[in-house]
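Q: Sharing a structure below in structure tokens format, with a few things to ask.
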Amino acid sequence: MSNIRITKQFSFETGHALYGYDGKCRNVHGHSYKLSVTVIGTPISQNDNVKFGMVIDFGDLKKIVKTEIVDVFDHATVFNKNTPHVELAKELSDRGHNVLLVDYQPTSEMMVIDFAEKIKKYLPENISLFSLKLQETDSSFAEWYASDN
């Protein structure tokens with residue numbers, strides 16, 4: 001049977017600041033992110049399986065991405081934990097804000113790498129992550145492809 005790629009799209013709102021950056025993005029700001037997750041696999045061929053004909057149930061893929069990415073990053077503010085923004089992050093957190101401290105500069109490029117690692121851990125054995133596309137504005141996005149890594 002043929003390998004088939006399927007894609008599910010997600011949206012979430014996240015704030016961040018890029019410490020040390022020489023442009024406006026050094027300031028705390030946010031984006032309406034759109035994440036496209038594409039997996040590849042062979043459709044289930046056992047006609048007695050409730051998932052017959054599917055590579056993966058879109059609902060199962062949704063659970064993985066919502067749990068690992070969307071529910072974590074939505075309406076959070078992300079800072080690199082090794083920057084002076086840690087003081088601001090602590091103050092925001094103390095005031096009840098959802099703050100994430102990560103081991104990387106929270107650019108779209110680095111976020112998409114992080115997301116790929118998180119999603120791959122939870123995919124069934126017979127399904128591979130093919131690609132991710134993280135769009136931060138209408139005209140700007142980062143892409144991750146398994147074939148490049």
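The values are calculated or read from the model by the stated rules, or taken from the named source; none is laboratory data. Keep in mind that this is a model prediction, so the values were computed, not measured. Every residue, glycine as well, gets a Cβ built from its backbone with ideal geometry; the counts of neighbours run over all protein chains shown. The protein model used for the area step is the full one, side chains on, heavy atoms only, and it has no ligands, DNA or RNA in it. Shrake-Rupley method; radii C 1.70, N 1.55, O 1.52, S 1.80 Å.
Q: Does VAL78 meet the test of being open to solvent by 40 Å² or more (accessible area, probe 1.4 Å), of a type in the set (A, V, I, L, M, F, W, C) and either out of contact with any Lys or Arg (no Cβ under 9 Å at 6 or more places or on another chain) or over 16 Å from PHE130 (Cα atoms) (or both)?
A: Working: open to solvent by 40 Å² or more (accessible area, probe 1.4 Å): no; of a type in the set (A, V, I, L, M, F, W, C): yes; either out of contact with any Lys or Arg (no Cβ under 9 Å at 6 or more places or on another chain) or over 16 Å from PHE130 (Cα atoms) (or both): yes.
For VAL78, the condition - open to solvent by 40 Å² or more (accessible area, probe 1.4 Å), of a type in the set (A, V, I, L, M, F, W, C) and either out of contact with any Lys or Arg (no Cβ under 9 Å at 6 or more places or on another chain) or over 16 Å from PHE130 (Cα atoms) (or both) - is not met.
Q: Now for a separate question. Quick check on my filter: what residues within region 114-132 are in contact with a Leu (Cβ under 7 Å, 6 or more places away or on another chain) and of a type in the set (Gly, Ala, Ser)?
A: Once the filter is applied, which keeps residues that are in contact with a Leu (Cβ under 7 Å, 6 or more places away or on another chain) and of a type in the set (Gly, Ala, Ser), region 114-132 yields only ALA116.
Q: Tell me which residues, restricted to region 114-149, are farther than 24 Å from ILE44 by Cα, in contact (Cβ under 8 Å) with a residue 40 or more places away in the chain and among the aliphatic types (A, V, I, L, M).
A: If the condition is that a residue be farther than 24 Å from ILE44 by Cα, in contact (Cβ under 8 Å) with a residue 40 or more places away in the chain and among the aliphatic types (A, V, I, L, M), then LEU134 is the only one that fits.
Q: Is it the case that ASP71 is within 14 Å of the chain's Cα centre (by Cα), without any contact (Cβ under 8 Å) to a residue 12 or more places away in the chain and open to solvent by 80 Å² or more (accessible area, probe 1.4 Å)?
A: Numbers: within 14 Å of the chain's Cα centre (by Cα): yes; without any contact (Cβ under 8 Å) to a residue 12 or more places away in the chain: yes; open to solvent by 80 Å² or more (accessible area, probe 1.4 Å): yes.
Judged against the criteria, ASP71 is a match.
Q: Now for a separate question. Given the conditions (1) in contact with a Lys or Arg (Cβ under 9 Å, 6 or more places away or on another chain); (2) closer than 22 Å to GLY15 by Cα; (3) open to solvent by 40 Å² or more (accessible area, probe 1.4 Å), and given that ASP94 satisfies all but one, which numbered condition is not satisfied?
A: (1)
Q: Let me ask another. Suppose we keep only residues that are more than 12 Å from the chain's Cα centre (by Cα) and open to solvent by 60 Å² or more (accessible area, probe 1.4 Å) within region 103-127. Which one would you say is nearest to GLY30 (Cα to Cα)?
A: By that ranking, first place goes to ASP103.
Q: Hey, can you tell me all the residues within region 42-85 that are farther than 22 Å from GLU136 by Cα, outside any loop (DSSP other than H, G, I, E, B) and touching a strand residue (DSSP E or B) at 6+ places or on another chain (Cβ under 7 Å)?
A: Residue satisfying the conditions is PHE58 alone.
Q: Specify the residue that is nearest to LYS81 (Cα to Cα); the eligible residues are those in region 23-40 that are at pLDDT below 95 and among the charged types (D, E, K, R).
A: Among them, the one singled out is ARG26.
Q: Can you find a residue that is in contact with a Ser or Thr (Cβ under 6 Å, 6 or more places away or on another chain), under 20 Å from VAL70 (Cβ atoms) and without any contact (Cβ under 8 Å) to a residue 40 or more places away in the chain anywhere in region 93-112?
A: Pass one, region 93-112, residues in contact with a Ser or Thr (Cβ under 6 Å, 6 or more places away or on another chain): 99.
In the following step, the residues that additionally are under 20 Å from VAL70 (Cβ atoms) were identified as 99.
Right, trim to without any contact (Cβ under 8 Å) to a residue 40 or more places away in the chain and you get 99.
Looking for residues that are in contact with a Ser or Thr (Cβ under 6 Å, 6 or more places away or on another chain), under 20 Å from VAL70 (Cβ atoms) and without any contact (Cβ under 8 Å) to a residue 40 or more places away in the chain, one finds at least one in region 93-112, hence yes.
Q: Moving on to the next point. I want to confirm something. Restricting to region 41-56 and keeping residues that are open to solvent by less than 40 Å² (accessible area, probe 1.4 Å) and modelled with pLDDT of 95 or more, which single residue is nearest to TYR122 (Cα to Cα)? Break it down stepwise before answering.
A: Here is the first cut: in region 41-56, the ones open to solvent by less than 40 Å² (accessible area, probe 1.4 Å) are 41, 43-44, 55-56.
Subsequent filtering for residues that are modelled with pLDDT of 95 or more retains 41, 43, 55-56.
Numbers: GLY41: 15, PRO43: 18, VAL55: 15, ILE56: 12 Å.
Among those that are open to solvent by less than 40 Å² (accessible area, probe 1.4 Å) and modelled with pLDDT of 95 or more, it is ILE56.
Q: Would you call ASP22 without any contact (Cβ under 8 Å) to a residue 12 or more places away in the chain, of a type outside the set (Phe, Trp, Tyr), under 24 Å from GLN135 (Cα atoms) and in a loop (DSSP other than H, G, I, E, B)? Even if it seems obvious, please write down each step before you answer.
A: Values: without any contact (Cβ under 8 Å) to a residue 12 or more places away in the chain: yes; of a type outside the set (Phe, Trp, Tyr): yes; under 24 Å from GLN135 (Cα atoms): yes; in a loop (DSSP other than H, G, I, E, B): yes.
Criteria met by ASP22.
Q: Further question: Please go through region 11-40 and pick out each residue that is surrounded by fewer than 18 Cβ atoms within 10 Å (Cβ to Cβ) and among the aromatic types (Phe, Trp, Tyr).
A: TYR19, TYR21
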